[in-house]
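Shown next, in structure tokens, is the structure this report addresses.
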Amino acid sequence: GYFYSRWNKCIHSSHDHSDIVFIDNYIFNKDVFIQFNSTVGEFVGYTELGVFNARKWNSDSGRLQSERAEVERYCKHNAEAYQTVVADKS
């Protein structure tokens with residue numbers, strides 16, 4: 001059988017969330033074949049298929065803009081919500 005998944009995560013260490021990084025991994029058979037990292041600002045391929053898709057996806061300005069916006073839409077929004085819940089309970 002084949003195994004495909006997509007995992008994304010937000011990483012930060014500052015309370016003001018100024019250092020948030022959004023990472024979006026595309027995984028096939030437990031190996032990351034393509035990744036978007038907000039620090040890099042584009043897709044990076046790690047396999048032949050990943051390099052092919054990265055080239056294609058990086059030429060799509062709409063797709064790149066959508067991925068880049070995830071830092072604000074997904075990461076900062078959730079980090080602020082989680083920080084409020086955790087900070088209020090300590």
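Points to keep in mind about this one:
- Close contacts from region 19-30, counting a first residue that is at pLDDT 95 or above and of a type outside the set (A, V, I, L, M) and a second that is assigned to a loop (DSSP other than H, G, I, E, B) and buried (at least 18 other Cβ atoms within 10 Å of the Cβ), with Cβ to Cβ under 7 Å and a gap of 6+ residues or different chains, come to Phe22/Ser38.
- When region 1-51 is filtered for residues that are open to solvent by 40 Å² or more (accessible area, probe 1.4 Å), assigned to a strand (DSSP E or B) and within 21 Å of Tyr82 (Cβ to Cβ), the ones remaining, listed by number, are Trp7, Asn8, Lys9, Cys10, Ile11.
- Gly62 passes every criterion in (1) modelled with pLDDT of 95 or more; (2) part of a helix (DSSP H, G or I); (3) open to solvent by 70 Å² or more (accessible area, probe 1.4 Å) apart from (3).
- Pair list, Cβ under 6 Å, 6 or more apart: region 1-16 residue at negative phi, other residue of a type outside the set (D, E, K, R) and part of a loop (DSSP other than H, G, I, E, B): Phe3/Asn29; Cys10/Ile20; His12/Ile20
The values are calculated or read from the model by the stated rules, or taken from the named source; none is laboratory data. Only a predicted model underlies this, so the values are computations on that prediction, with no experimental measurement involved. Cβ sites come from the backbone with ideal geometry, for glycine too, and all protein chains shown count toward neighbours. Side chains included, ligands, DNA and RNA excluded: accessible areas come from the protein's heavy atoms. Shrake-Rupley method; radii C 1.70, N 1.55, O 1.52, S 1.80 Å.
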